[in-house]
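Quick note: the coordinates plus some simple rules give every number you see, no bench work behind them. Remember, predicted model here, so these are calculated numbers, not experimental data. Neighbour counts run over all protein chains shown; Cβ positions are idealised from the backbone, glycine included.
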Amino acid sequence: MAPSSEREDREEVSAGGVVVRAGSAGLEVALADQMDRNTRSRAVRLPKGKPDPGESLEQTALREVLEETGLSAEIVGSLGQVEYRYLERSEGRHVSKRVHFFLMRQSGSDTSQRDGEMERVYWVPLAEAAGRLTFETEQEILKRAAAAVETLSTQEQTRL
């Protein structure tokens, strides 16, 4: 096996969602706890994953949200993308990752039907959610989501 410094980076694309709903105290966001496969530490995450063959990024985001959280959702709009690089310890090489995120409204749920990748799924007030996320890139996405919600009309906000 070649040392990691000689191995080429791998590129990866994923898509995910920021699922929002109206709660008793205002807008809430679905967050999830996950055991990080590289560090084996607990991480608070947004649902995301890789596209299946032939899937659009929007289809991937909706499927991953459903699989990882058990939440059915509808896309409200794009939140753009984030890019980062990490070391995949099992492969001994770096991964350059680009993740496309979408703002979503919850349309149904059955969290007992999630795939088990996330240990726990729960709702957090939108104003507090960014501070709970483990990774800065996902914190940035939550800030974009909060700004996007503010630009929605009152009628659109009531549909969340």
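What the table shows:
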| read-out | value |
| --- | --- |
| Given 15 as the ceiling on other Cβ atoms within 10 Å, longest exposed-site-free region of the chain for trypsin sites (Lys or Arg not before Pro) in DSSP loops | 90-158 |
| In degrees, nearest ten, helix 57-69 long axis to first principal axis of the chain (Cα) | 80 degrees |
| Only Lys, Arg (+1) and Asp, Glu (-1) charged, at Cβ; region 39-105 dipole about Cα centre in debye | 440 debye |
| Crossing angle, helix 136-151 versus the chain [Cα axis fit, 0-90 degrees, rounded to tens] | 20 degrees |
| Label point 7 Å beyond Cα of I75 along Cβ direction - residues of region 47-62 with amide nitrogen under 11 Å | 56-62 |
| Nearby lysines by direct alpha-carbon distance to K143 (threshold 22 angstrom, same-chain neighbours under 8 apart not counted) | K48, K97 |
| Estimated distance in nm for a label pair at E11 and S96, the labels positioned 7 Å out from Cα along Cα-to-Cβ | 0.7 nm |
| Percent RCO, i.e. relative contact order, over the chain, from Cα pairs under 8 Å lying at least 6 residues apart | 31 percent |
| (1) 17.3, 55; (2) 15.0, 45; (3) 16.2, 58, with the label sought being that of the calculated Rg and Dmax of the Cα atoms in Å | (3) |
| Under Karplus coefficients 6.51, -1.76 and 1.60, residue-wise ³J(HN,Hα) of region 119-134 in Hz, glycine/proline x | 6, 8, 10, 8, 9, 10, x, 3, 5, 9, 4, 4, x, 8, 6, 6 |
